[in-house]
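Notes for the one structure printed next.
The values are calculated or read from the model by the stated rules, or taken from the named source; none is laboratory data. Note that this is a predicted model, so its numbers are computed, not measured. For neighbour counting, all protein chains shown are included, and Cβ atoms are generated from backbone atoms with ideal geometry for every residue, glycine included.
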Amino acid sequence: MLSEGWKCFCCPQILKYPRRSVVAPIQHPPSEPAPSQPLPQTEHCSPPPPPRPVRPKRKKSDITLAAVVIIQTWFRRRRALYEMRRKTAWTIYQNIEYAGEQDQLKLYNFFLELMQAVTTNPHDAQVVAKVLRRNSSLTGLAEELDLKHLTTPEAITVESSYRGPHIHTPIHKGHFEALILAFQRGELLHAHYVLLILHELRHILKRLPNVNIVSTHQSRYVTVVGDLHGSLADLMVIFHKNGLPSNENPYIFNGDIVDRGFQSMEVFLLISVAVIVYPNNVYLNRGNHEDHVLNLRYGFMKEIIYKYKSHATRLLRLFENIYSWLPIASLIDDHIFVAHGGISDITDLNKINEIKRQKYISVLSPNFIIPANEDQFQISSISDEVLLEWRQILDLLWSDPKQADGCEPNTYRGGGCYWGPDVTEKILQKHNWTLLIRSHECKEEGFGYSHDKKVLTIFSASNYYAVGSNRGAYVKIITNQPPIIIQFMATRATHKTLTLWERVSYVEDQAIQNLAEKFSVNKSRLMKEFALVDPGNTGRISVNAWCDIVSHVLDLQLPWRTLRARLVDTDISGMVIYESTFRSKELRFTSNISTNPRRESLCQAIYRNKDLLETVFRAIDKDNSGVISMQEFTEVCSFLGKHNGSKLDEKQIMDLAASIDLNKNGVIDFNEFLEAFRIVDVGDRFQN
Amino acid sequence: MAATTDEAGVVPDPVNRVTLRDPIRESEERANQARIKRLTEAFNVFDQESNNTIPSTELGTVVRSLGLVPTEGELQDILSEMSDDSNPESIHLERFLNVMNVILKDRRYQGEPESKILRAFQVLDAENNGFITEEEFRNYLCKEGEPFNDEEFQDFMTIALDDESDRICTYKDFIQNLVVEDND
């Protein structure tokens, strides 16, 4: 007897059947169809066929049934092991990402605290001020003129040797298509034309309201795209599947266009040109990464400096200003609210409309709230009104939904709120909305619903952590119909869907390598703690001890027990041979300098803080030359050392810089310095 | 041990009272702690919101990743033991630990030994060919017992298929693939 329906594990009325009998019919209610590809746990359920009576004489089919179940059960176990590994790899990525973000934001909060207190150490104060000082402290008309003067395209001539695309006003569809082709070929658009496009964009943005009013009346639908994070590949997949933007094919880009991916410039330019050519049908929402403070750390600034070198300063200045003119939300057909992060308990459309959004050059640390130069170190008495307005915009760009009711500060990210279903309900009722669409969080399937399907997260950067880590998705909102979600994964062979086994091995590989790197840059600290619980110097400690120490030193809450087998060796009795923690990666110098344990420990500390150091160096280096004074360099190192408890002794660092022969006439090329440290593969790779 | 007076008639300080150590109980307690830690870790991987609950739909994956081999029907039993009627869609860590700790201790749901799996294949290979075709697999695995869905079947076939031939699977080698060791 054949049972036709799929089994839904989640459905409550599943009949339990004994093993050695004819299969009894499985009863379950029909479920709603999955958005596109069926997820493992929710399947189509069809009504059950009528039951057949048990026939004891047909013993052969009993045995067959038992055999089938054995195979199915063992297979499901194998599959579950792989699902667990995939989920674990995912957890690793998310934890590392958030730990990095938290670190960054802890640093800024630390700076903020310093700014608000009367500091006794003038040195510290100066470092802080340098980092948070905007590129310009002008306001109003003076700022406008200064900006125009500095960033005019006329200041840059296009050499005759330039072979890339040429853009002229009026910018039209032909330019858009030419740019797509050029970028796909890997070409770089000349800085002159970048400035041209950005100024055109700025001109349009300045006329827009804080909240885009989007209507599907004419086009019948609108497509919402989530985080792209500089992924040209994903943008191309979306355009391929969904068509280029046009007056008949409108788009909303929900922020986080830049940072992380290495083609942020190209993605931003293409979207900008789309806005310029179809200003009434392509909409932009500001994301938390459309912020120069984050670009410092998360790659866009680095990309611009790398690609545009001497023109970088101009471009950065213009981007900084353009971000502030981006609208901060969109409203589709008066009932679907779209913002990058989400909402909070104070979100109010009327209040949002009143904000002068251009004041917020950086949303994370707006300079009119944080003093712009080192003289203004008073204990800030920021008025409630100012703070509340700041929160309106901060919450829109930084918040995340949570499962339980209520609204609490988002300490994970350092900005925005965690908001619960009750807050969603309240705000939908207040403004007569039916749905909130947001992005900001990477989802394995590219999308996710929360709060009883009243909140939709849409994330469009596939393979965000590693190849195969997640799909991307976009959503089509059709007039008076439920949203349609389309998933994709940008890979070279897009026609072939990866099996679970393939996806797990790619994703896991990268995640395990990341962890191995973290071990190597924490080697001295780890070995110290290992030795403490191994007084007999046996080289072995218990699994429990290893897990506890690693978790504590790395400050990463991961399933270490599950990961252990892939990370370290154990002996026959199950004790961890802790030296094998460092069996696959090592931190080395590229040049030959003498090392001793103290210096090794110092180098690891520097490497651990590499991202932060780089960020702060870059912030200090106002002319983007890559060079800062030796004095500033050592100040920053020791300042950051104080911040997170590493010993970055000034004298030691100077010695180190001298021995790498980088201290030239009192200035140092910090890029060279940071590049002197490399993580290399050593010995055996981690076991598979 | 109760405090007793010494010869001078002084009662020893009760804080310094010596208790007998019970090595068996201590080792049991350690094993118990280790089980709890292992269970909690597996649970936490699926606890997306860090609020000590997982969706009921993930229970199968969690339980199987711990090395157990229950059928779907047996999973349903486990689920009903630990689910909360007021909130059937999620499972709370506490109930999970209580139920699973006993299951692990009693070493239940260990699954059939490899020899039985081999016999299972032989049963399905009615004509004793030494292999089973994809069609036959589809007929058995997707329609009988606790049927596979499309995704499960597709993944099954990728490990079932021989690299050289496309359609045929020799099941003796396949069993190696099927019985994957849990890394713990």
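Structure notes:
- When residues of the range A:58-84 are limited to those that are more than 7 Å from chain B (Cβ to nearest Cβ) and assigned to a helix (DSSP H, G or I), the one farthest from the chain's Cα centre (by Cα): A:Lys59
- Any hit, the range B:97-114, residues being modelled with pLDDT under 85, within 22 Å of A:Asp62 (Cα to Cα) and not in a loop (DSSP other than H, G, I, E, B): yes
- For the range B:75-90, the condition of being modelled with pLDDT of 85 or more, among the charged types (D, E, K, R) and within 20 Å of the chain's Cα centre (by Cα) holds for at least one residue.
- Boolean, A:His175 is in a helix (DSSP H, G or I), in contact with a helix residue (DSSP H, G or I) (Cβ under 9 Å, 6 or more places away or on another chain) and under 18 Å from A:Ser246 (Cβ atoms): yes
- Residues (within 10 Å of chain A (Cβ to nearest Cβ) and over 30 Å from B:Val45 (Cα atoms)) located in the range B:93-117: B:Lys116, B:Ile117
Conditions (1) modelled with pLDDT under 85; (2) outside any helix (DSSP H, G or I); (3) facing chain A (nearest Cβ under 7 Å); (4) surrounded by 15 or more Cβ atoms within 10 Å (Cβ to Cβ), marked per residue:
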site	(1), (2), (3), (4)
B:Glu127	yes, yes, no, no
B:Phe137	no, no, no, yes
B:Tyr140	no, no, yes, yes
B:Pro147	no, yes, yes, yes
B:Asp162	yes, yes, no, no
B:Asp166	yes, yes, no, no
B:Cys169	yes, yes, no, yes
B:Ile175	yes, no, no, yes
B:Glu181	yes, yes, no, no
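- Looking only at the range A:152-173, residues that are under 26 Å from A:Pro279 (Cα atoms) and either outside the structural domain of A:Leu198 (by the TED database) or surrounded by fewer than 10 Cβ atoms within 10 Å (Cβ to Cβ) (or both) come to 3 in all.
- Residues in the range B:66-81 that are crowded, with 19+ Cβ neighbours inside 10 Å and more than 10 Å from chain A (Cβ to nearest Cβ): B:Ile78 alone.
- Residue count for the range B:47-89, restricted to those that are more than 27 Å from A:Pro401 (Cβ to Cβ), assigned to a helix (DSSP H, G or I) and either assigned by TED's automatic domain parsing to the domain that holds B:Glu144 or not basic (Lys, Arg) (or both): 11
- Enumeration of residues in the range B:27-65 that are more than 9 Å from chain A (Cβ to nearest Cβ) and at pLDDT 90 or above: B:Ile36, B:Leu39, B:Thr40, B:Phe43
- Filtered residues of the range A:414-449 (kept if surrounded by fewer than 22 Cβ atoms within 10 Å (Cβ to Cβ), in a strand (DSSP E or B) and touching a residue at least 24 places away in the same chain (Cβ under 8 Å)): A:Leu435
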